[in-house]
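Working notes, structure below.
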Amino acid sequence: MRTDLVSEPGDATRPNEDFAGVGLPASGQGGCVIVLDGVTPPDGGTGCLHSVPWFTARLGGALTELTVSGRDLTLPEILARAIRRTAEAHADTCDLSHPRTPQATVALARWSAVDVEYLVLSDSALLTRGPDGTVTPLLDDRLARLPRSALASAARVDARLRNKEGGFFTAAADPAVAARAVAGTLPRHEVRALIALTDGASRWTETFREGDWTALFDVVAKDGAGALVERVRELETADREERAFLGRGKTHDDATVVHVEL
């Protein structure tokens, strides 16, 4: 197995809110990849004493331990336990019912000699490549399917759509959200490589439309994970003034890419 991992903050003066991890069991059988994208809250508070990086580090650490050691657990069960464990770590000091309590998107994969399990929650992404070169995106597209008018302001997203029926879901403080994730299993022989990435990196395809998912996979496989992030940064900088692609969103976002050749 070979891995290539890059995680770069969108702003060098602010902490990176993404989390990335690769886990390899001591048995040497199989492994896992975890990518989280911490949700930057709008101004106005979160009801929590802790930062988003604190939350993603806690949740990512729990996911790594449980995914490697809990082979008897499904990925939704693992996500639910990790969310519960993280919530318990600050339930006594923070208002976890606040709609902007620290939260994250999730892309998670685990493989063995037999199969490849996957789980995606919100707009982080997983891509798999088969023996014939076919790239399959594994996505939770609920956020992308919302009308643009519904996303007019961060306040409306939080109040009406985030972690609500008819909206979209993120990993926050409620373990029940794990049942909302897109999850499944693929035969191991159908997956030769995979990529997990946050939306700060998938902008190359989803925002700037430089190429489809196969083209993105080709960039990473040929030139490396860092090359994809560099290309995204160039596109973001070019669009800084015109905002033809980024709209009202921030120019640079935290960007994480993990490429695994099984």
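The values are calculated or read from the model by the stated rules, or taken from the named source; none is laboratory data. These figures come from a predicted structure and were not determined experimentally. Note that each Cβ is placed from the backbone with ideal geometry, even for glycine, and that neighbours are counted across all protein chains shown.
Can you pull out every residue in region 70-119 that is farther than 16 Å from Gly38 by Cβ and either in a strand (DSSP E or B) or in contact with a strand residue (DSSP E or B) (Cβ under 6 Å, 6 or more places away or on another chain) (or both)?
Within region 70-119, Leu75, Pro76, Ala109, Arg110, Trp111, Asp115, Val116, Glu117, Tyr118, Leu119 qualify.
Please count how many residues of region 130-141 are under 27 Å from Ala82 (Cβ atoms), part of a strand (DSSP E or B) and either of a type outside the set (Val, Ile, Thr) or touching a Lys or Arg at 6+ places or on another chain (Cβ under 7 Å) (or both).
2
Quick grid of which residues meet (1) among the aromatic types (Phe, Trp, Tyr); (2) in contact with a helix residue (DSSP H, G or I) (Cβ under 8 Å, 6 or more places away or on another chain):
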site	(1), (2)
Glu88	no, no
Ala91	no, no
Cys94	no, no
His98	no, no
Thr105	no, yes
Trp111	yes, yes
Val114	no, yes
Ser122	no, yes
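Just checking, how many residues over region 209-235 are under 22 Å from Val116 (Cβ atoms), outside any helix (DSSP H, G or I) and out of contact with any Ser or Thr (no Cβ under 8 Å at 6 or more places or on another chain)?
0
Could you grab me the full set of residues in region 1-28 that are over 18 Å from the mean Cα position of the chain (by Cα) and either assigned to a strand (DSSP E or B) or under 20 Å from Leu119 (Cα atoms) (or both)?
Arg2, Leu24, Pro25
Kindly indicate whether any position in region 4-24 is basic (Lys, Arg) and at pLDDT 95 or above.
No, because not a single residue in region 4-24 is basic (Lys, Arg) and at pLDDT 95 or above.
Return yes when Thr67 is under 18 Å from Gly23 (Cα atoms) and not in a loop (DSSP other than H, G, I, E, B) and no when it is not.
Yes, satisfied.
Assess whether Arg58 counts as being touching a residue at least 60 places away in the same chain (Cβ under 8 Å), assigned to a helix (DSSP H, G or I) and either crowded, with 19+ Cβ neighbours inside 10 Å or not aromatic (Phe, Trp, Tyr) (or both).
No; evaluated as a whole, the condition is false for this residue.
Say whether the condition of being touching a residue at least 40 places away in the same chain (Cβ under 8 Å), crowded, with 17+ Cβ neighbours inside 10 Å, farther than 27 Å from Leu262 by Cα and among the small types (Gly, Ala, Ser) is met by at least one residue in region 63-84.
Within region 63-84 (the criterion being touching a residue at least 40 places away in the same chain (Cβ under 8 Å), crowded, with 17+ Cβ neighbours inside 10 Å, farther than 27 Å from Leu262 by Cα and among the small types (Gly, Ala, Ser)), the answer is no, since none of the residues qualifies.
For the subset of region 145-156 comprising residues that are outside any loop (DSSP other than H, G, I, E, B) and in contact with a helix residue (DSSP H, G or I) (Cβ under 8 Å, 6 or more places away or on another chain), which member is modelled with the lowest pLDDT?
Ranking the candidates gives Arg156 first.
Have a look at Ser7, Ser51 and point out the one that is among the small types (Gly, Ala, Ser) and either closer than 18 Å to Pro102 by Cα or without any contact (Cβ under 8 Å) to a residue 40 or more places away in the chain (or both).
The unique qualifying residue is Ser51.
Specify the residue that is surrounded by the fewest Cβ atoms within 10 Å (Cβ to Cβ); the eligible residues are those in region 171-208 that are in a loop (DSSP other than H, G, I, E, B) and at pLDDT 95 or above.
Selected residue: Arg192.
Tally the residues that are over 30 Å from Arg188 (Cα atoms) and modelled with pLDDT of 95 or more, restricting the search to region 235-262.
1
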